[in-house]
1. Filter the stretch 69-92 for residues that are part of a helix (DSSP H, G or I), surrounded by 12 or more Cβ atoms within 10 Å (Cβ to Cβ) and free of Cβ contacts under 8 Å to residues at least 12 places away in the same chain and give the result.
2. Before we move on, is residue 118 at pLDDT below 95 and buried (at least 17 other Cβ atoms within 10 Å of the Cβ)?
3. Name the one entry in 121, 79 that is more than 19 Å from the chain's Cα centre (by Cα) and either in the same structural domain as residue 11 (by TED's automatic domain parsing) or at negative phi (or both).
């Protein structure tokens, strides 16, 4: 979990803001002007604390590329029912439901976005894209 500046030390803030360590005094003065007093020690951080939103976006894209290259989509199978029409319908519905849920996470996950600097919702999208590709490939197999 990422914390407000009041729960972080000046050292942590300097690192997160990626400013010169010699600027600590100036940072502390600027924060004091706006009523923010950093704590003596950092109380709460997460793996995402040091990521910028751009880095989080790049990381999500990289994971998506790795998945596209590293998953044998043609070997990923879905359980089949005896009725081909029903199987295709269920697969199509599953894909729709996954996409809808990903949109709902985006719409209702502002705190998740903020706490993860965009990494969390971005990874949800990557997972849904991977699963959608698996579903699409299975539908093509069923139709052939």
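The values are calculated or read from the model by the stated rules, or taken from the named source; none is laboratory data. Given the structure is predicted, the values throughout are model-derived calculations rather than measurements. No Cβ is skipped: glycine too gets one built from the backbone with ideal geometry, and neighbour counts run over all protein chains shown.
1. Here is the first cut: in the stretch 69-92, the ones part of a helix (DSSP H, G or I) are 69-70, 73-75, 84-92.
Then keep just the ones that are surrounded by 12 or more Cβ atoms within 10 Å (Cβ to Cβ); that gives 73, 87-92.
Scanning the stretch 69-92 gives 89, 90.
2. On the way: at pLDDT below 95: yes; buried (at least 17 other Cβ atoms within 10 Å of the Cβ): yes.
Judged against the criteria, residue 118 is a match.
3. Numbers: 121 fails: more than 19 Å from the chain's Cα centre (by Cα).
When all the criteria are applied, what remains is 79.
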